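Sharing a structure with you now.
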Amino acid sequence: MASLQKLSEVRDGMRIDWNVPIAMDDGLVLRTDVFRPLKDGKYPVLLTYGPYAKNLAFQDGYPSAWNIMAEKHPDVTAGSSNKYQNWEVVDPEKWVPHDYICMRVDSRGCGCSPGVIDHFSPRETKDFYDCIEWAGVQPWSSGKVGLNGISYFAMNQWHVASLQPPHLSAMCIWEGSADWYRDMTHHGGMLSTFWENWFDMQVKTVQYGVGERGGRSRVHGELVCGPETLSDEALAKNRVDFGGNILKHPFDDKYHRDRSPVWDKIVTPLFSSANWGGQGLHPRGNFEGFVRSAAKEKWLEAHGIEHWTHFYTDYGREQQLRFFDYFLHGKKAGWSKQPKVLLQVRHPGEKFVARAENEWPIKRTQWT
């Protein structure tokens, strides 16, 4: 059996540890990349856990989305070599200089982490918990762990926060649905056909064991989904029948509840950022999470344009930075004036105008 080697190097103003092993409570070892400041010290950690393969560059995995975003929003690419850009997670070159450590964990069965893929399951949520707690006790960690990411990397934040990891200190849920039945698989009781296609197109292609049939990292040349190359039969045994399982559960039963948050257990300070678009998946979770979570310190923001873009623009990153600076670095000035609810209201001509509110739902709403 081929094995991954942990590698450490200094490049582009960061100390990077590749393929760091993290042992789960059942003995399985997941792999993460860790991007740290050059200066020795203890720093807060921004962590993501998900399936899209930490070795796969945004530009290689999603070239059309990258090219359009880079052309329309030059602030996304400015100030970075963009060599470390990955789908729906932070660019470490824009966060490490602000004294953050960035961690990207390949979830069980994906990228460089072996195991059986079972998305949003209790097993996967416990893995996420274990990764947070691992990050919180490393010698380079301040003990404060934040979560920040889009879509999958936002959705699973709701779930793991329900377990209340002791080192989880703040989370930015950027366009992340929450309720497995109501938000994700059965809007209004109607089956969503999205997930089976998503599983085929975005997960099977980066499953651990695709190996030599997949790509290589544009940074260090290692396999995106390795180091092993497994047969199709072996790959099939290492993933659940994701679409089939959804079809087997047309009603809101234990299967769905096990993959949904427990709102009264979510107490971590949070910034819930919704997109007015994509009504078939994410927005409901962001608004419901803001309203129903038990967190005493929580904020809501809603914006437009493409699903992923504002996470990377100066508009989005500046808000994320002020939020995490407040809760992970203790910098009080930057976030204290943030409105509890910030809405980018759409006007004709694709123009969005910011409007601050004090609550959601808005008290002066005239219900019909």
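The values are calculated or read from the model by the stated rules, or taken from the named source; none is laboratory data. All of these numbers come straight from a predicted model, not from anything done at the bench. We place every Cβ from the backbone using ideal geometry, glycine too, and count neighbours over all the protein chains shown.
Among the residues that make up segment 126-148, is at least one of them buried (at least 24 other Cβ atoms within 10 Å of the Cβ), closer than 20 Å to His282 by Cα and within 12 Å of the chain's Cα centre (by Cα)?
The answer is yes; a qualifying residue exists.
Working carefully through the options Glu306, Glu288, Glu318, find the one that is over 27 Å from Leu163 (Cβ atoms), part of a helix (DSSP H, G or I) and not hydrophobic (A, V, I, L, M, F, W, C).
Details: Glu306 fails: part of a helix (DSSP H, G or I); Glu288 fails: over 27 Å from Leu163 (Cβ atoms).
It is Glu318.
Return the pair list, or none, for Cβ contacts closer than 9 Å from residues in segment 126-153 that are over 21 Å from Ala53 (Cβ atoms) to residues that are among the basic types (Lys, Arg) and part of a strand (DSSP E or B), at least 6 apart or on different chains.
Gly136/Lys144; Trp140/Arg15; Trp140/Arg36
Residue-by-condition table, conditions (1) surrounded by fewer than 19 Cβ atoms within 10 Å (Cβ to Cβ); (2) acidic (Asp, Glu); (3) over 17 Å from the mean Cα position of the chain (by Cα):
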| residue | (1), (2), (3) |
| --- | --- |
| Ile150 | no, no, no |
| Asn156 | no, no, no |
| Ala161 | no, no, no |
| Trp174 | no, no, no |
| Ser177 | no, no, no |
| Met184 | no, no, no |
| Gly188 | yes, no, yes |
| Asp200 | yes, yes, yes |
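Could you say whether any residue in segment 107-117 is over 25 Å from Asp325 (Cα atoms), within 15 Å of the chain's Cα centre (by Cα) and without any contact (Cβ under 8 Å) to a residue 60 or more places away in the chain?
Checking segment 107-117: not a single residue is over 25 Å from Asp325 (Cα atoms), within 15 Å of the chain's Cα centre (by Cα) and without any contact (Cβ under 8 Å) to a residue 60 or more places away in the chain.
Among the residues of segment 122-139, is there at least one that is among the small types (Gly, Ala, Ser) and not in a helix (DSSP H, G or I)? Quick ask: steps written out before the conclusion?
Of all residues in segment 122-139, those among the small types (Gly, Ala, Ser) come to 135-136.
Still in the running and not in a helix (DSSP H, G or I): none.
No, segment 122-139 contains no residue that is among the small types (Gly, Ala, Ser) and not in a helix (DSSP H, G or I).
Scan segment 90-123 for residues that are surrounded by fewer than 24 Cβ atoms within 10 Å (Cβ to Cβ) and of a type in the set (D, E, K, R) and jot them down.
Matches in segment 90-123: Asp91, Glu93, Lys94, Asp99, Asp118, Arg123.
Given the conditions (1) within 17 Å of the chain's Cα centre (by Cα); (2) part of a loop (DSSP other than H, G, I, E, B); (3) of a type in the set (Asp, Glu), which single one is not true for Asp26?
Only one criterion in (1) within 17 Å of the chain's Cα centre (by Cα); (2) part of a loop (DSSP other than H, G, I, E, B); (3) of a type in the set (Asp, Glu) is unmet by Asp26, namely (1).
Within segment 43-67, work out how many residues are more than 15 Å from Arg218 (Cα to Cα), in a helix (DSSP H, G or I) and either basic (Lys, Arg) or touching a residue at least 40 places away in the same chain (Cβ under 8 Å) (or both).
So the answer is 1.
Which of the residues spanning segment 300-315 are in contact with a strand residue (DSSP E or B) (Cβ under 8 Å, 6 or more places away or on another chain) and of a type in the set (D, E, K, R)?
Glu301 - this is the single residue of segment 300-315 that is in contact with a strand residue (DSSP E or B) (Cβ under 8 Å, 6 or more places away or on another chain) and of a type in the set (D, E, K, R).
Within segment 204-236, can you find the residues that are in a helix (DSSP H, G or I) and touching a residue at least 24 places away in the same chain (Cβ under 8 Å)? Give the derivation first.
Going residue by residue through segment 204-236, those that are in a helix (DSSP H, G or I) are 204-206, 211-213, 232-236.
Passing the criteria: Lys204, Val206, Ala234, Leu235.
In segment 299-318, what count of residues is obtained for those that are crowded, with 19+ Cβ neighbours inside 10 Å and either out of contact with any helix residue (DSSP H, G or I) (no Cβ under 9 Å at 6 or more places or on another chain) or farther than 23 Å from Met69 by Cα (or both)?
Total satisfying the criteria: 2.
Answer with yes or no whether Gly27 is within 24 Å of Phe324 (Cα to Cα) and surrounded by fewer than 17 Cβ atoms within 10 Å (Cβ to Cβ). It would help to see each step written out before you state the result.
On the way: within 24 Å of Phe324 (Cα to Cα): no; surrounded by fewer than 17 Cβ atoms within 10 Å (Cβ to Cβ): yes.
Spelling it out, it is not the case that Gly27 is within 24 Å of Phe324 (Cα to Cα) and surrounded by fewer than 17 Cβ atoms within 10 Å (Cβ to Cβ).
Ok, one more. What do you reckon, is Leu300 part of a strand (DSSP E or B) and either farther than 30 Å from Asp241 by Cα or touching a Pro at 6+ places or on another chain (Cβ under 7 Å) (or both)? Talk me through it step by step, then tell me what you get.
Values: part of a strand (DSSP E or B): yes; either farther than 30 Å from Asp241 by Cα or touching a Pro at 6+ places or on another chain (Cβ under 7 Å) (or both): yes.
Yes, satisfied.
Among the numbered criteria (1) modelled with pLDDT of 95 or more; (2) at negative phi, which one does Glu196 miss?
(1)
Let me spell it out: the conditions are (1) over 24 Å from His167 (Cβ atoms); (2) touching a helix residue (DSSP H, G or I) at 6+ places or on another chain (Cβ under 7 Å), and Pro269 meets all of them except one. Which number is the exception?
The failed condition is (1).
If Pro261 meets every condition in (1) surrounded by 15 or more Cβ atoms within 10 Å (Cβ to Cβ); (2) within 29 Å of Asp99 (Cα to Cα); (3) not aliphatic (A, V, I, L, M) apart from one, which number is that one?
Only one criterion is unmet by Pro261, namely (2).
Quickly run through segment 51-81 and pick out the residues that are on the phi > 0 side of the Ramachandran plot and in contact with a strand residue (DSSP E or B) (Cβ under 9 Å, 6 or more places away or on another chain). Steps first, answer last, please.
Applying the first criterion (on the phi > 0 side of the Ramachandran plot) to segment 51-81 yields 53, 79.
Within segment 51-81, just Ala53 meets the criteria.
A further question on this structure: So is Leu163 touching a Ser or Thr at 6+ places or on another chain (Cβ under 7 Å) and over 30 Å from Asp60 (Cα atoms) or not?
yes
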